1. By count of other Cβ within 10 Å, fewest leading, how are 248, 309 ordered?
2. For 184, 147, what's the fewest-to-most ordering of other Cβ within 10 Å of each Cβ?
3. Hey, what D do you get for region 31-140 in µm²/s if you plug the Kirkwood alpha-carbon radius into Stokes-Einstein at 10 °C and 1.306 mPa s?
4. Once the Cβ-Cβ distance between residue 130 and residue 301 is put in as r, and R0 is 41 Å, what FRET efficiency do you end up with, to the nearest 0.05?
5. Neighbour counts of other C-beta atoms within 10 Å: give me 164, 115, 32 arranged from fewest to most.
6. What do you get for Rg/Rh of region 123-221 when both radii come from the Cα atoms and Rh is the Kirkwood radius?
7. I need the Kirkwood Rh of region 86-269: take the reciprocal of the average 1/r across all distinct C-alpha pairs and report it in angstrom.
8. Rounded to the nearest 0.05, what FRET efficiency is calculated for residue 146 and residue 180 with R0 set to 22 Å and r the Cβ-Cβ distance?
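Coordinate-derived values only; no laboratory data. Since we're looking at a predicted model, the values are computed, not measured. Backbone-built Cβ (ideal geometry, glycine too); neighbour counts: all protein chains shown.
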Ligand SMILES: [Zn+2]
């Protein structure tokens with residue numbers, strides 16, 4: 001392997017940094033960011049900000065169009081090892097079993113489920129094992145889909161690609177799940193609108209996201225990365241759901257386990273759409289202060305020094 005190939009990851013990231021664009025708030029569409037933090041864990045200048053309109057924390061600079069496509073096809077697989085090594089897979093299975101049991105305790109048995117961003121397929125596998133007869137997943141990641149389709153035998157139940165207005169299902173799911181997916185979407189509100197059309201009228205929507213207002217000192221800088229477009233908390237997620245036809249029925253904050261600061265909300269369709277949500281100035285200031293306190297940039301465990309070492313290792317790795 002030549003030196004130029006070895007360093008190409010860093011060159012790619014440098015080029016990517018120059019191609020980042022100013023982006024609107026994914027939740028309300030406004031371009032009124034209140035700056036919090038400049039560089040993510042890959043040293044990209046993402047300008048983490050809080051929206052002065054709706055309060056959502058988001059990346060005010062980020063990926064779009066061709067740069068985004070190239071990032072997910074060429075760079076992301078090198079930054080994130082997928083599928084994970086064999087010995088780590090049992091961790092994913094355990095999480096799926098735990099999620100199934102937690103969700104089952106709130107919504108009861110579900111005869112049909114759609115998992116958006118179904119990843120390795122373990123959650124659908126758990127549903128199937130508990131007697132769910134109709135199940136479907138949507139997953140754009142090749143290695144993850146391969147695992148779900150072939151290793152777990154979920155076959156044609158897994159669709160390739162992204163949820164959009166053309167997505168069709170052979171059934172109306174009683175349960176729709178998005179586990180750590182919503183924060184990656186450019187337009188999360190539109191996705192919720194499409195789900196509102198797909199879900200059974202009495203169905204449950206269960207969403208998990210990182211809770212930006214939780215404590216996440218062990219994540220630190222690791223929390224901030226280019227593929228996270230939005231960082232929700234209970235209030236901003238509830239507002240987005242209300243704006244797109246859902247009403248939160250139940251929620252759960254978990255300090256540890258699935259993610260350091262995991263927020264799970266359970267929502268159902270609602271007749272009442274609440275169109276406007278504005279954030280109070282003091283809430284914005286306290287959110288920004290909270291995030292700055294969590295990041296700890298010079299920590300040897302999860303700050304920039306470790307991020308630099310990890311990047312260099314990845315850049316030198318044969319692939
Ligand atoms: Zn906003």
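1. 309, 248
2. In increasing order of surrounding Cβ atoms, one gets 184, 147.
3. 93
4. The value I calculate is 0.60.
5. Sorted ascending by nearby Cβ count, the order is 164, 32, 115.
6. Rg divided by Rh gives 0.99.
7. 16.6
8. Working from the Cβ atoms, E equals 0.65.
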